[in-house]
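Contents: one structure, followed by commentary.
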Amino acid sequence: MKLTATKEFKALAEPLVKNNPVFIQSLGICSALAVTVQLKTAVVMGLAMTMVVAFSNLIISSLRNVVPRNIRMIVELIVIASLVILADELLKAFLYDIGKQLSVFVGLIITNCIVMGRAETFALGNPPWVSFLDGLGSGAGYSIVLVTVAFIRELLGSGSLFGFQVVPEALYRAGYQDMGFMLLAPAAFIIIGLLVWLQKALIKE
């Protein structure tokens with residue numbers, strides 16, 4: 001059956017908001033707590049995740065008709081692990097400081113349910129191009145949550161964005177204080193909960 005632009009657009013756009021992997025599927029929440037204290041780490045983690053899920057979908061979809069079903073999960077893990085190692089090495093090569101800071105969390109992408117979930121539920125049943133778009137959409141949807149949470153936490157918790165101070169010194173001299181609570185993991189839970197509520201309120205079916 002010939003693919004339509006509508007199906008391709010749906011594969012790319014639906015995971016952004018309507019079927020967001022964090023908001024709707026409740027996947028990837030642990031990393032959303034761990035890497036969202038600073039905006040730059042959230043952006044890099046989001047890009048690494050997007051690369052892994054998109055290309056793992058592409059490769060697994062391309063192999064879906066030649067890999068025996070009884071070893072499919074082993075093949076999926078090998079593909080995902082190889083891409084995670086590649087992402088980690090690229091970070092260390094070009095963004096060493098951030099790569100070193102995120103090394104543990106990038107390594108744990110292999111256990112992130114978003115990657116395996118999209119491989120099992122989408123890539124095994126769809127053509128490579130559409131699967132690649134679904135991976136891009138899922139990674140971007142995850143990244144949107146990370147960046148939004150990190151933006152709020154760094155701005156309110158440290159008064160900075162990407163490590164640069166944005167809150168004027170005059171406010172501090174006038175008595176303004178950063179919200180130290182925003183740098184703690186419970187703050188990320190609260191922000192994600194509020195974002196889920198907002199998503200549900202705006203998109204009603």
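Bear in mind these aren't lab numbers, they're just calculated from the coordinates by the rules spelled out. Fair warning: this is a prediction, and the values are worked out from it, not measured in the lab. Ideal geometry is used to build each Cβ from the backbone, glycine not excepted, and the neighbour counts take in all protein chains shown.
The range 43-92 and the range 101-149 have Cα centres lying 9 Å from one another. Pairs of lysines in the chain whose Cα atoms sit within less than 30 Å of one another amount to 16, provided the residues are eight or more positions apart or on different chains. Ordering 32-40, 88-96, 63-71, 123-131 by mean Cβ neighbour count within 10 Å, with the highest value first, yields 32-40, 123-131, 88-96, 63-71. The label point for Lys100 and the one for Ala185, both projected 7 Å from the Cα toward the Cβ, are 2.5 nm apart.
Take the chain, drop everything but the C-alpha atoms, weight them equally and run the Debye formula without solvent; then report log10 I(q)/I(0) at 0.14 Å⁻¹ to two decimals. Values returned for q = 0.14 Å⁻¹ are -0.84.
Sorting Asp134, Asp97 by the number of Cβ atoms found within 10 Å of their own Cβ, with the fewest placed first, yields Asp97, Asp134. The mean sequence distance of close C-alpha pairs (under 8 Å, at least 6 residues apart), as a share of the length of the chain, puts its relative contact order at 35 percent. In degrees from 0 to 90, rounded to the nearest 10, what is the angle of the helix 96-107 Cα long axis to the longest principal axis of the chain? In the chain, helix 96-107 runs at an angle near 50 degrees to the longest axis.
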